[in-house]
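Written below as structure tokens is the structure these notes are about.
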Amino acid sequence: EGVYRITGGYVSLAVEFKDYVVVLEGGQNEARGAAVIAETKRLFPNKRIRYVVNTHPHFDHAAGLPPFVAEGATILEHDNSRYFLEAALSEPRTLVGDVMAKSKKKPKVEGVIDRMVLQDETRTLELHAVKDLDHSDAMLIAFLPKEKILFTADFNIPAPGQPVSPSIPTLVANLERLNLDFDRYVTVHPPTPDRPLTRGDLLALMKVAR
């Protein structure tokens, strides 16, 4: 309750707190970001989106952020890419109908160095920086300790017959370092959107990688 998975081939999570909502992953483009915002407002009609978490600055994860800027949400980003993202979103936007340009709002970006915790009496959300990752040196993962949900991007479950990503052992090493106790594993790019993934799925991949 209070944690919703918004699907469509690309997964975002909307996490409800007492007075606001946090969205994990804004989407691949402006249209996707707007759709995530609309669904979040439908689920939580009386709460503002205070934060949107961008797992890392690659275009297929950051391109959906402008509608969130227009909403007044603060972007939570790994500190390594904070200044890049601020600069990129502050450039002139000249496309007709650009929602961020019409809002005239400036991006608000907060950097996560190693760990950030958002917490109130209803829920806790932890953001952790991933260390020693080749894919990006600005990667965040999210963890909901009460619900035992781990949320990641680009640590993907391969299709049948495909090799395991070399990033999987790095993720598992970080999870062991952080001692995160999770049951459900939610990834932005799921292999089959309708099948929930588990800790066991991730550990099975680790065995294959080894």
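Things worth noting here:
- Dipole magnitude (debye, nearest 20) for region 70-201, charges at Cβ of Lys, Arg, Asp, Glu: 380 debye
- Normalised per residue, the accessible area of region 55-210 is 51 Å², obtained with a 1.4 Å probe and no contribution from ligands, DNA or RNA.
- Rounded Å value of the spacing that divides the Cα centres of region 123-149 and region 20-80: 17 Å
- Of all accessible heavy-atom area on the chain, the percent that carbon and sulfur account for (1.4 Å): 50 percent
- Region 146-204 shape via C-alpha gyration tensor axes, a/c threshold 1.5: oblate
- Just so you know, the averaged projected area of the alpha carbon convex hull for region 73-121 sits at 4.5 nm².
- Annotation for region 131-207: trypsin sites (Lys or Arg not before Pro) lying in DSSP loop with at most 15 further Cβ atoms inside 10 Å of their Cβ are Lys131, Lys146, Lys148.
- Average Cα contact separation per residue, the chain, under 8 Å, 6 or more apart, as relative contact order %: 16 percent
- Taking the alpha carbon gyration tensor of the chain, multiplying each eigenvalue by 5 and rooting it gives semi-axes of 27, 19, 17 Å, largest first.
- For region 92-210, the relative contact order is 19 percent, taking Cα pairs closer than 8 Å that sit 6 or more residues apart in sequence and dividing their mean separation by the residue count.
- Exposed loop sites, defined as GluC sites (Glu not before Pro) outside DSSP H, G, I, E and B with at most 11 other Cβ atoms within 10 Å, are absent from the longest region of the chain, namely 2-120.
The values are calculated or read from the model by the stated rules, or taken from the named source; none is laboratory data. Please read these numbers as outputs of a predicted model, since none were measured by experiment. Note: ideal-geometry Cβ built from the backbone for every residue, glycine included; neighbour counts use all protein chains shown. Surface accessibility is based on the protein's heavy atoms, side chains included, excluding ligands, DNA and RNA. Shrake-Rupley method; radii C 1.70, N 1.55, O 1.52, S 1.80 Å.
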